[in-house]
1. Set the Förster radius R0 to 22 Å, insert the Cβ-Cβ distance between Glu39 and Asn67 as r into 1/(1 + (r/R0)^6), and round the FRET efficiency to 0.05.
2. Relative contact order for segment 22-81 using alpha-carbon pairs under 8 Å, separation at least 6, rounded to a whole percent?
3. Which whole-number value in Å² is the accessible area per residue of the chain, probe 1.4 Å?
4. Provide the packing ranking of 112-119, 97-104, i.e. peptides ordered by the mean count of other C-beta atoms within 10 Å per residue, highest first.
5. Roughly how large, in nm² to one decimal, is the mean projection of the convex hull of the alpha-carbon atoms in the chain?
6. Using the beta-carbon distance between Arg49 and Met1 and R0 = 30 Å, what value does 1/(1 + (r/R0)^6) give for FRET efficiency, to the nearest 0.05?
7. Relative contact order of the chain: what whole-number percent is it, with Cα pairs under 8 angstrom and at least 6 residues apart?
8. Over the chain, with every protein chain in place, what whole percent of the accessible area is carbon and sulfur at 1.4 Å, could you tell me?
Amino acid sequence: MITNQQQTELFQRVRSYLDRGERHVALVDFRLLQALTSEQREHQWRFLREQEKPMRQWSMGIVALINSPTLALVTRAIIHRIKPSVVPHSIVASWPAAVSWAADRLYDNGQREHALRVRQSLGTSSAGLVG
């Protein structure tokens, strides 16, 4: 389980990028996550509602690394049927696929040097560790 504090820290980090007007791609590793509590789901919806406009402006995409088929299915259903994503997104099951997707978004948005740096530093480890 993700703690409420960890979720708050994640949202604070995203908000810091948005508040500074920084174009960014988010790669969020949910491989150890089993489920969100109802309180956390509500916090997530509130955050997305409050940040929709700046996310449209500054986010180049979000890739979620989810290796639980059940959680991935639920997440896709929520995104596609209940609350369509305000930014490009992907749900993948492997670290290399997540890094590749994030780097591709950067490259497609004219951030070629950043895309290369992401591939070089994050693409080196299947565990997601920079070595």
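The values are calculated or read from the model by the stated rules, or taken from the named source; none is laboratory data. Note that the structure is a prediction, hence the values are computed from the model and not measured. Note that each Cβ is placed from the backbone with ideal geometry, even for glycine, and that neighbours are counted across all protein chains shown. Heads up: the accessible areas ignore ligands, DNA and RNA and are worked out on the full protein's heavy atoms, side chains in. Shrake-Rupley method; radii C 1.70, N 1.55, O 1.52, S 1.80 Å.
1. Working: r = 24 Å, r/R0 = 1.10.
With R0 = 22 Å, the Cβ-Cβ based efficiency is 0.35.
2. Details: 40 pairs, mean separation 35.0, N = 60.
RCO, segment 22-81: 58 percent.
3. On the way: 8180 Å² over 131 residues.
Accessible surface, normalised per residue, equals 62 Å².
4. Working: 112-119: 15.8, 97-104: 21.2.
Packing order, densest peptide first, comes out as 97-104, 112-119.
5. Details: hull surface 31.3 nm².
It is 7.8 nm².
6. Working: r = 24 Å, r/R0 = 0.78.
It comes to 0.80.
7. Numbers: 156 pairs, mean separation 30.0, N = 131.
Here the relative contact order equals 23 percent.
8. 53 percent
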